[in-house]
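The values are calculated or read from the model by the stated rules, or taken from the named source; none is laboratory data. What you see is a predicted model, and the numbers here were worked out from it, not measured in a lab. We place every Cβ from the backbone using ideal geometry, glycine too, and count neighbours over all the protein chains shown. Quick note on the areas: whole protein, heavy atoms, side chains included, nothing else; ligands and nucleic acids left out. Shrake-Rupley method; radii C 1.70, N 1.55, O 1.52, S 1.80 Å.
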Amino acid sequence: MAHRTDPDDADFDVVVIGAGYGGVTTAALCAHRGKRVALIDKTPRAGGKTQTLHRKGYRYEMFGAVGIPAVGSRFHELVDELGIGDRVELLVPEGEQAAVHYRPPEGGWRTLRSPLRQTGSEEELAGLRRVFGATDEDLARLGEFYLAMIAMSDEEITALDEVGAVDFVTPFGLSTGLTSQIYSTLNMLFVAPVDRLAASEAALVLRNMVLGGAGRFHRGGYGQVAEACAEFVEERGGRFLTGTRVQRILVEDGRAVGVETDKGVVRAAAVVSNAGVQPTVLRLVGGESFPAEYVEHVKGLEPSWAIAGVRYVFDARVFDAALIPIFSDQSWLDSDRFAAMEAGEWPDVPLIAVDVASEFDPGLVAEAGHQVANIQVFVSPDPDSDMGAEAVRRARVVVEELYPEIREHTIRTEPYGARQISRMTRDATMPGTGGEAVGLAQVVGQVGRGKPDPRTPLPGLYLVGCDAGGRGSGTHQAVDSGFHVADMVVDDLS
Ligand SMILES: Cc1cc2nc3c(=O)[nH]c(=O)nc-3n(C[C@H](O)[C@H](O)[C@H](O)COP(=O)(O)OP(=O)(O)OC[C@H]3O[C@@H](n4cnc5c(N)ncnc54)[C@H](O)[C@@H]3O)c2cc1C
């Protein structure tokens, strides 16, 4: 890498810090539109929080990886626009790939098996009656709830930016069991409290799930699309620098002009950061380059929660579904319930989401019949919190009750939590942050107009990923942001 200081002599048009889904989307789209791009990541491969690990013949996900919506997604648009459909295959499994385990108030377990794309068929409705005790009236109300969202225009959805999801859902008068199912799903989609989650984000994603299903996977691992985007950047004359940490964003004459890494300097006309708004503004640039009120606003932004869990490798098919949510009426989380958990008061069943990647793609395992899976619970984003270890312990007890064969078929376990998420992705910058599973919490005040603008007040510096510029759940939001930021950067450079 060059060590130059002449701002007119940029090495690249665009330097992107971070190859998470936000970063790779912007990098690849800018490269596709003729820009020379440097994409830099501190880890060995692209994918950020959804990197696919390659270990001892198995491929599995670093953290979680299920795409929502399954069809008609921003991922499909990205693959189409880049023309990389021959190297990545987006998978949508058929059949009953979801198994919901619900503990009713009287105890025991009831299980609902359903397809990843629900159709409202008689069979599905019968399942809701059996598992959640739903009456015909309850099902009619549930139907009204989903129909209301399907009928909403994008403007009507945006108008819900200032409404909390509980305030939006409550007037539909849903029964306790169906409410538990919806709130648990929202916790899993947004990793945030349902009372303060913005109803706009909730309605958008639930609508997309009804129309496009839940549970897209990418053959070879969820990170495959990110890896293909990074390759695409190099094929178009750019560079993908792995194992390279950006230490500082260079500012000259009031403008971002490049980055200093642990291996040298990369200069560019535009700097796009996927490293998170707080690490970017407060650490990589430094507050002195921004207006004081912007810095104060950035310091006060609230992270999503973290996810703690265990990655498993089994020598048998322990789970018989790809997606397995496990909950009771006590499991879904609003601000009060989460605070109680932080204070050590746990529900009978902590909210659990099991992803079984090899049910999506059996080619992930080294031997036929083996399985890779990930058990996940929802915890504090503070890398120093001990909440994750306790939540995982409790989750394992529940999952082993439902699937006792786990014990004899486990050949490897890898526990993780907020500290690992922070180490692998974003630096802890403000106290209690770093391990967020998504990015900024999509709560009222932090979505739509309240979300940081991808164009920062420092000319030449943009934010991309789940902190700015997108809507939706997890990786879908990151890719949505990547599209918007690529448009902005290309426009600004032309
Ligand atoms: C356990 C878990 C389960 C999840 N499950 C799902 C799921 O099933 N479906 C879903 O859609 N989403 C899921 N998510 C959320 C999803 O992973 C994130 O929302 C999304 O991946 C965030 O993308 P991003 O582009 O914002 O940034 P990130 O993925 O955080 O990427 C940021 C990148 O920047 C790099 N970086 C940071 N600082 C520097 C630096 N100084 N120098 C160089 N590189 C740097 C990091 O290494 C990283 O690669 C899950 C998350 C977790 C943790």
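Figures for the structure shown
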| quantity | calculated |
| --- | --- |
| Amide H contacts of Glu302 (H built 1.01 Å from N, under 5 Å, at least 5 apart or other chain) | Ala441 |
| Residue-count net charge about Ala192 - beta-carbon cut-off 11 Å; Lys, Arg +1, Asp, Glu -1 | -4 |
| Whole-number accessible area per residue in Å² for segment 374-456, which is evaluated in the context of all protein chains at 1.4 Å | 42 Å² |
| FRET efficiency estimate (nearest 0.05) - Cβ-Cβ, Glu156 to Thr176, R0 22 angstrom | 0.20 |
| Rh by Kirkwood over Cα pairs, then Stokes-Einstein D for segment 306-463 at 1.002 mPa s and 20 °C, µm²/s | 123 µm²/s |
| Zone of Arg219's modelled label, taken as backbone nitrogen in segment 71-90 under 13 Å from a point 7 Å along Cα→Cβ | 85-90 |
| Cα-Cα pairs of the chain separated by more than 37 Å (percent) | 25 percent |
| Segment 70-189 shape via C-alpha gyration tensor axes, a/c threshold 1.5 | oblate |
| Kyte-Doolittle at least 0.5, axis length at least 20 Å by Cα - qualifying DSSP helices, the chain | 176-190 |
| Reciprocal of mean inverse Cα separation for segment 173-306 (Kirkwood radius, Å) | 18.9 Å |
| Percent carbon-and-sulfur accessible area, the chain, ignoring ligands, DNA and RNA, probe 1.4 Å | 48 percent |
| Stretch gain in nm, segment His409-Ser335, where the contour uses 0.36 nm per residue and the Cα spacing is subtracted | 22.9 nm |
| Sites Glu234 and Glu367 - FRET efficiency at Förster radius 51 Å, r taken between beta-carbons, to 0.05 | 0.95 |
| Percent RCO, i.e. relative contact order, over segment 82-150, from Cα pairs under 8 Å lying at least 6 residues apart | 22 percent |
| Over 26 Å between alpha carbons, listed pairs Lys35/Lys56; Lys49/Lys299; Lys35/Lys263; Lys49/Lys451 | Lys35/Lys56 |
| Neighbour-limited loop hits for GluC sites (Glu not before Pro), segment 289-380 (at most 11 other Cβ within 10 Å; DSSP other than H, G, I, E, B) | Glu345, Glu367 |
| Linear extension gain, Asp315 paired with Asp262, 0.36 nm per residue minus alpha-carbon span | 15.0 nm |
| Rounded accessible area per residue of segment 129-264, 1.4 Å, Å² | 38 Å² |
| Net length gained if the chain between Val71 and Arg423 were fully extended (0.36 nm per residue, minus Cα distance) | 123.5 nm |
| Space enclosed by the convex hull of the alpha-carbon atoms of segment 375-481, per residue, Å³ | 143 Å³ |
| Average Cα contact separation per residue, the chain, under 8 Å, 6 or more apart, as relative contact order % | 24 percent |
